[in-house]
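The block underneath contains the structure these notes are about, expressed in structure tokens.
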Amino acid sequence: MSKQRTAAIVNGDPVEFLSDPGQTLLDVLRDELHLTGSKEGCGSGDCGACSVIMDGRLVCSCLVLAAEVEGCRVETIEGLSTGSTLHPLQQKFLDHAALQCGFCTPGILMASKALLDANPDPTETEARYWLAGNLCRCTGYDKIIKAVLDAAAELRQDRKSA
Amino acid sequence: MAQLSYLSPSSVDEAVKALSGTSARALSGGTDLLVQVRSGRAKPDQIVDLKRIPGLIGIRAENGGFVIGSATCGAMLSEHPTLSKIWPGVVEAANLIGSTQVQGRASLAGNLCNASPAADSVPALIAARATCVIAGPAGTREAAVETIVTGPGKTSLTAGEFIIAFKLPPRGPKASDAYLRMIPRTEMDIAVAGAGVSLALDADGVCLSAHVALGAVAPTALLVADAGQALIGTRLEEVALTRMAEAVRAACQPISDKRGTADYRTKIAAVLAHRAAVIAWNRAKEQA
Ligand SMILES: Cc1cc2nc3c(=O)[nH]c(=O)nc-3n(C[C@H](O)[C@H](O)[C@H](O)COP(=O)(O)OP(=O)(O)OC[C@H]3O[C@@H](n4cnc5c(N)ncnc54)[C@H](O)[C@@H]3O)c2cc1C
Ligand code: FES
Ligand code: FES
């Protein structure tokens, strides 16, 4: 069998792409759609560097076949900021120096976004468990958790004043 | 190597046909299968994605019990408004599988049919006396969960067969369950041993029925009838729990590997079953 045609919504835009049956969503995001923010750290679901939000659920894009996203909404790191205005999570990661090499960061930001979408006021423990599938070799996690909780507080404030 | 193809049938019949091929594999969440395909450990010529078949994702109450679509992900189990009140052990076991990302995909059918001896949801489902609804070329049949896995990586499903749903039986008052596993850290690891216990009590807290199932201590998950029997007619007094623990240890036939020695696994399985029984009993007493 030859390439398969798939239509999906990526970061709000309708896209169509061709893929081989064995190609993953991560492969297509990076190689066909040139959205190289999502990273491949392991390719086996262990590191979370490839995390994207698919129909509202956080998934490892390395463990989703490209053809599986037919008709789905996919959110990647490229859609997180609004133009040149960073999302509060991104800003807080900078403020707290919650990244060093940055390889894990797109996945952690998407995982954190999914957390705050589902739970605007997580405890530290909840945030740590939620992010347990996102490995970082650099930061020691503490700054990441502080940044996430700080962004959550800011988003709650924004919502109140909106 | 034959070229891989991907199919996402929209009916059970279509899927049965597609899975009758020699090296076709069912796909639910893909958190086991796609890892194996990518590493070359599995070489299917066709991947049959079951998730677009109506009813394979979702949970419904039926005849006093629950029917859980086979491809329903772990996160949906915990989001259901009543499932975890009535079957907290099944839900906590399924929720132990992997990370948030894995929970958004991983299904009960995949956990069972991957046929790992350490699969977390399986002892809980067996203790709950859950059954599988299986579709195949000869129609649909129902089978107890413990009859599906026959050894590491092996199932009793025949060509063209796949699981369409799990059924959890009706639950009376004063009944509950629990699942515990031992891993060397707090998250993201594979069970060294696991134990699921499901109990139904009378108004005075005496066990009317009790089922104990173990994971990671034998080639398949085990239903330990003697262990359950040791609790029936008791209020989980120390002597009953001791007898249950003895039955658990007698049933274990674990391997030694980097995660734990056979002796350690046997000892831990009994400790976990003891603790899970106490949790299930306390939960059951609190049920209306
Ligand atoms: C990072 C990570 C952590 C993990 N942690 C754990 C853990 O803590 N505990 C644990 O138990 N597991 C763990 N797993 C393994 C895996 O996530 C689970 O076994 C999961 O439940 C598999 O479900 P799935 O829907 O993804 O299965 P799939 O990968 O879709 O399928 C698995 C197998 O079952 C077959 N299959 C799928 N659906 C059906 C069906 N309806 N009928 C018949 N056969 C079917 C497939 O052909 C395949 O052989 C982990 C995996 C990863 C990647
Ligand atoms: S690349 Fe997907 S989890 Fe590591
Ligand atoms: S910043 Fe380097 S891996 Fe996280």
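The values are calculated or read from the model by the stated rules, or taken from the named source; none is laboratory data. This one's a predicted model, so the numbers in the text were calculated from it and none came from an experiment. Quick reminder, even Gly has a Cβ in these numbers, built from the backbone with ideal geometry, and neighbours come from all protein chains shown. Calculation scope for accessible area: heavy atoms of the full protein, side chains included, ligands and nucleic acids excluded. Shrake-Rupley method; radii C 1.70, N 1.55, O 1.52, S 1.80 Å.
Details
- Which listed residue is facing another protein chain (nearest Cβ under 8 Å) and part of a loop (DSSP other than H, G, I, E, B), from A:GLY71, A:GLY48, A:GLY41, A:GLY37: A:GLY48
- Single match in B:ALA195, B:ALA200 (criterion: small (Gly, Ala, Ser), open to solvent by 10 Å² or more (accessible area, probe 1.4 Å), assigned to a strand (DSSP E or B) and modelled with pLDDT of 95 or more): B:ALA200
- Given (1) away from chain A (no Cβ under 11 Å); (2) acidic (Asp, Glu); (3) in contact (Cβ under 8 Å) with a residue 12 or more places away in the chain, index of the condition B:ASP13 fails: (3)
- Check on B:THR82, within 27 Å of B:PRO169 (Cα to Cα) and either touching a Phe, Trp or Tyr at 6+ places or on another chain (Cβ under 6 Å) or β-branched (Val, Ile, Thr) (or both): yes
- Scanning segment A:88-99 for residues that are within 16 Å of ligand 1 (Cβ to nearest atom), under 17 Å from A:ALA132 (Cα atoms), in contact with a Ser or Thr (Cβ under 8 Å, 6 or more places away or on another chain) and outside any helix (DSSP H, G or I) turns up nothing.
- When B:ALA119 is tested against (1) more than 8 Å from ligand 1 (Cβ to nearest atom); (2) open to solvent by less than 30 Å² (accessible area, probe 1.4 Å); (3) touching a residue at least 40 places away in the same chain (Cβ under 8 Å), exactly one condition is not met: (1).
- Selection within segment A:125-144 - within 14 Å of chain B (Cβ to nearest Cβ), open to solvent by 10 Å² or more (accessible area, probe 1.4 Å) and either away from ligand 2 (no atom under 16 Å from the Cβ) or part of a helix (DSSP H, G or I) (or both): A:THR125, A:GLU126, A:ARG128, A:TYR129, A:TRP130, A:LEU131, A:ALA132, A:TYR141
- For the condition within 16 Å of A:GLU154 (Cα to Cα), more than 13 Å from ligand 3 (Cβ to nearest atom) and surrounded by 23 or more Cβ atoms within 10 Å (Cβ to Cβ), A:LEU89 qualifies.
- Of the residues examined, B:ALA135 is one that is more than 16 Å from the chain's Cα centre (by Cα) and in the same structural domain as B:TRP87 (by TED's automatic domain parsing).
- Strands (runs of 3 or more DSSP E) fully within segment B:33-105 that include at least 1 residues being among the β-branched types (Val, Ile, Thr) and open to solvent by 30 Å² or more (accessible area, probe 1.4 Å): B:59-62.
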